[in-house]
1. Can you give me the long-range amide H partners of A:ILE6? Hydrogens built in the peptide plane at 1.01 Å from N, cutoff under 5 Å, separation of 5 or more residues or another chain.
2. Obtain the radius of gyration and the Kirkwood radius of segment B:4-45 from its C-alpha atoms and give Rg over Rh.
3. How large is Rg over Rh for chain A, taking Rg from the Cα atoms and Rh as the Kirkwood inverse mean of 1/r across Cα pairs?
4. Counting only other chains, and only Cβ atoms inside 10 Å, what mean value do you get across the residues of B:17-30?
5. When the Debye formula is applied to the Cα atoms of segment A:101-220, each taken as the same point scatterer, what base-10 log of I(q)/I(0) results at q = 0.13, 0.15 Å⁻¹?
6. With respect to the cross-link table entries B:LYS31/B:LYS79; B:LYS31/B:LYS58; A:LYS70/A:LYS210; A:LYS70/B:LYS65; A:LYS70/B:LYS79, which display a Cα-Cα separation exceeding 28 Å?
7. With both partners inside the protein assembly as shown, how many of the DSSP beta bridges are antiparallel, as a percent to the nearest 5?
8. For a quick size check, give me the Cα extents of segment A:135-294 along its three principal axes, largest first, whole Å.
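Derivation of every value follows stated rules applied to the coordinates shown; laboratory data play no part. For clarity, every value in this text was computed on a predicted model and none was experimentally measured. Cβ: placed from backbone, ideal geometry, glycine included. Neighbour counts: every protein chain shown.
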Amino acid sequence: MTTTRIVVTGIGATTPLGGTAAESWTNLLAGASGARTLEHDWVAQYEVPVTFAASAAVPAADVLERREVKRLDPSSQFALIAAREAWADAGAPGVEPERLLVDWATGIGGVWTLLDAWDTLRERGPRRVLPMTVPMLMPNGPAAAIGMDLGARGGERTVVSACASSTESIANAYDHLQAGLADVVVAGGSEAAIHALPVSAFAAMQALSKRNDEPATASRPYDVSRDGFVLGEGAAALVLETLEHAQARGARIYAEVVGGAVTSDAYHITAPDPEGSAAARAMITAVENSGASLDDVAHINAHATSTPVGDIAEYNALRRVFGERLGSIPVSATKASTGHLLGGAGAIEALFTVKALHERVAPPTINLVEQDPEIPLDVVTEPRPLGDGPLLAISNSFGFGGHNAVAAFRTFED
Amino acid sequence: MALSNEEVLAGLAELITDETGIAADTVELDKSFTDDLDIDSISMMTIVVNAEEKFDVKIPDDEVKNLKTVNDAVTFIVKAQA
């Protein structure tokens, strides 16, 4: 099979670390944390057990038109902000609408809209339920908002696979470009679930860190004292393009997409398979499908949510893939800074991976004080130069449901 | 106390501005909701429901299709208040 070379030509993000991709990256390198105490009334009203989260650094309402804010769920608002930035960053590619596709992702969809509407129904009756409720809450809302904004007529696709969602959307984008369905794809994911109900539900399953008194150090992947993830929100977008299309228009190229892969555990609805064989296969496939070698992997952006079980399971899968060499590969766990963006997590981590390759520096993992002896990885705790020559990196994402998704990138060499 | 045509127009213009961002002074009696103000059916329903609350009137769903211009709406609301 002949493979089409695919490159990343634009990036955009709005995250707990910043309102743009550049701000998010700069603050990540500076070792910042996006986690903070929640100011919402519902925190005290319901006495929710977790009182902090990694909220978006810049409220969407500060960026978008009033009409857009009224008609879009926050998950779509973040999506639109990130996609517009990525599109502008790519130089607003001239592409036939039919050859432009959106591959988006969300873990939950318009949960704010759904729950607001339910409150309205109970408090004020059905006549007051907004006519925009359904288009705002549907999980394909973000993809539709982006597609309409950019004029994409090649399809507005949405994948939903919990915390693996937006790595899967990037894998899908890669496949769709390989299949010749488009010349340019806007890929990524978004989430806006910092609401009393999801917070209570994640807390009920003991998934969240309970360090209410120290939000900034609560997300601590690989540390012996890690006690759960920190809920984040936001969006990230990548513009993926065939090399031919990118070069024809003289586009700046951040990195090449080596591949993407999706596998499933078929093991347990929330617990990762401790053997990690399916997760391992996703990593192997993402790298090897286009003929690249696992020996070239020089950086890993791990899923590493800071849960006791998840971090170990991923380590086991990494061991299966890389064996003894694993100890010499710099690993970054950027959820320590961003919190967990759920359906946006894979996209922001793919973006960070692309930036790491482009700038040849691995971002730090903050809050690692005492590394778990059962996870002897080479964890990057200060920005670390990745050196010269060709570099290959992978970004891992795993989600409830046993979803495993991996995206692989390398430095672009013409 | 029933409001005058002018008062209803001003109140309706506020609701339209709030929903669509259209400047209030462009909401004039002879303007068509769809052709001139570019208000789609979903925004129209939101404005109708908000108008029901603001002016304390009922605007039946079947009636909404007859409200083609701002004047149609103002006239209906003033009459419904009586």
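1. Amide H neighbours of A:ILE6: A:LEU243, A:VAL257.
2. Numbers: Rg = 9.7 Å, Rh = 10.4 Å.
Rg divided by Rh gives 0.93.
3. Values: Rg = 19.8 Å, Rh = 20.8 Å.
Rg/Rh: 0.95.
4. Numbers: counts 1, 2, 4, 4, 5, 1, 0, 0, 0, 0, 0, 0, 0, 0.
So the per-residue partner count for this stretch is 1.
5. Here the Debye-derived log intensity ratios amount to -0.67, -0.81.
6. Details: B:LYS31/B:LYS79 20 Å; B:LYS31/B:LYS58 22 Å; A:LYS70/A:LYS210 33 Å; A:LYS70/B:LYS65 24 Å; A:LYS70/B:LYS79 31 Å.
Cα-Cα > 28 Å for A:LYS70/A:LYS210; A:LYS70/B:LYS79; rest within.
7. Values: 42 of 62 bridges.
Antiparallel bridges make up about 70 percent of those DSSP assigns within the protein assembly as shown.
8. 53, 41, 30
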